[in-house]
1. Need the full-extension length gain, N133 to K84, defined as separation in residues times 0.36 nm minus the C-alpha distance. One decimal, nm.
2. Please give the per residue accessible area of segment 43-164, computed with a probe of 1.4 Å over protein heavy atoms only, in Å².
3. Read phi for every residue in segment 108-116 and hand back ³J(HN,Hα) as whole Hz from Karplus 6.51 cos²θ - 1.76 cosθ + 1.60, θ = phi - 60°, with x for Gly and Pro.
4. All other residues with a Cβ under 13 Å from the Cβ of G145 taken together, and with Lys, Arg as +1 and Asp, Glu as -1, what is their net charge?
5. In a GNM of the chain with a 10 Å cut-off on Cα contacts, which of D163, D87, D198 has the highest mean-square fluctuation?
6. Once you list every other residue whose beta carbon is under 14 Å from the beta carbon of K67, what net charge do they have if Lys and Arg are +1 and Asp and Glu are -1?
7. Would you please give the residues with an amide H less than 5 Å from that of I136, counting only those at least 5 places away or on a separate chain, with H modeled from the backbone geometry?
8. In nanometres, what is the gap between the two model label sites at N72 and Q160, each 7 Å from Cα along Cα-to-Cβ?
Amino acid sequence: NKLILKNLKSKLRNGQKICCMVNFKEINNHLELIELLSKFNNIIDKVRFAIDPKRINHFLKIINLTKKKVKNIEFDVNLMYLSKWYDHQLFVKSLLSKLQKFDGVISFVDSYGSLKPSQVTNFFNNVSKINSNLKIGCHFHNNCGLALANTLAAIEAGCQNADCTITGMGRGAGNAETELLLSILKPEKINLSSYEFDETLEEFKKLKEEL
């Protein structure tokens with residue numbers, strides 16, 4: 001709802017952004033995407049596209065055409081189904097080569113939540129050797145209870161952006177928990193008392209139970 005988003009944007013602090021996800025398989029051409037995004041220009045700051053990496057050429061064609069018309073929205077990409085191809089080195093190298101001029105975050109997604117930390121470490125070490133310019137991210141699902149461990153493994157292996165959610169709220173088994181990741185990494189910029197954080201978690205737990 002446009003009104004809800006406008007109200008939300010008015011409450012954001014400096015540096016905070018409104019982001020949304022678009023399932024790329026539902027977009028047929030750049031005209032369709034331009035029409036969709038134009039409705040939310042100056043409201044939405046960033047769009048992330050979930051795509052099958054096998055469709056990367058089609059994605060880049062549509063995105064490049066869209067960027068010529070939509071100027072105020074950043075674009076990121078989620079490369080899905082990582083567990084199916086994480087160890088196919090030639091495919092990974094080809095994929096990164098095609099994305100060399102992409103200026104958004106490229107997040108690798110363990111869609112099925114089936115990877116182990118050692119596999120994640122090897123993958124992101126390999127990506128770091130191949131790539132030196134791209135903004136690399138990760139997005140893990142918790143089907144096997146390893147989303148947090150895999151996120152930490154990815155960060156240690158050079159991943160620059162990590163997705164997480166409060167209480168692990170997310171589709172299916174959920175994602176890495178923001179509060180647990182913060183408790184381990186202890187970033188200096190976070191100034192939130194334990195009491196305040198507990199209160200926040202309680203509110204999110206209520207939301208999760210309603211879903």
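1. Working: separation 49, 0.36 × 49 = 17.64 nm, distance 2.47 nm.
Going from the current span to full extension adds 15.2 nm.
2. Numbers: 5750 Å² over 122 residues.
Per-residue value: 47 Å².
3. 8, 10, 7, 4, 9, x, 10, 7, 10
4. On the way: positive: K116; negative: D110, E177.
Here the charged neighbours net out to -1.
5. Fluctuation is largest for D198.
6. On the way: positive: K46, K61, K68, K69, K71, K101; negative: E74, D76, D103.
So the surrounding residues net to +3.
7. Amide H neighbours of I136: I106, Q160, N161.
8. My value for the distance between the label points is 2.6 nm.
The values are calculated or read from the model by the stated rules, or taken from the named source; none is laboratory data. Keep in mind that what you see is a predicted model, and the values were worked out from it rather than measured. Quick reminder, even Gly has a Cβ in these numbers, built from the backbone with ideal geometry, and neighbours come from all protein chains shown. These accessible areas exclude ligands, DNA and RNA; they are computed on the full protein's heavy atoms, side chains included. Shrake-Rupley method; radii C 1.70, N 1.55, O 1.52, S 1.80 Å.
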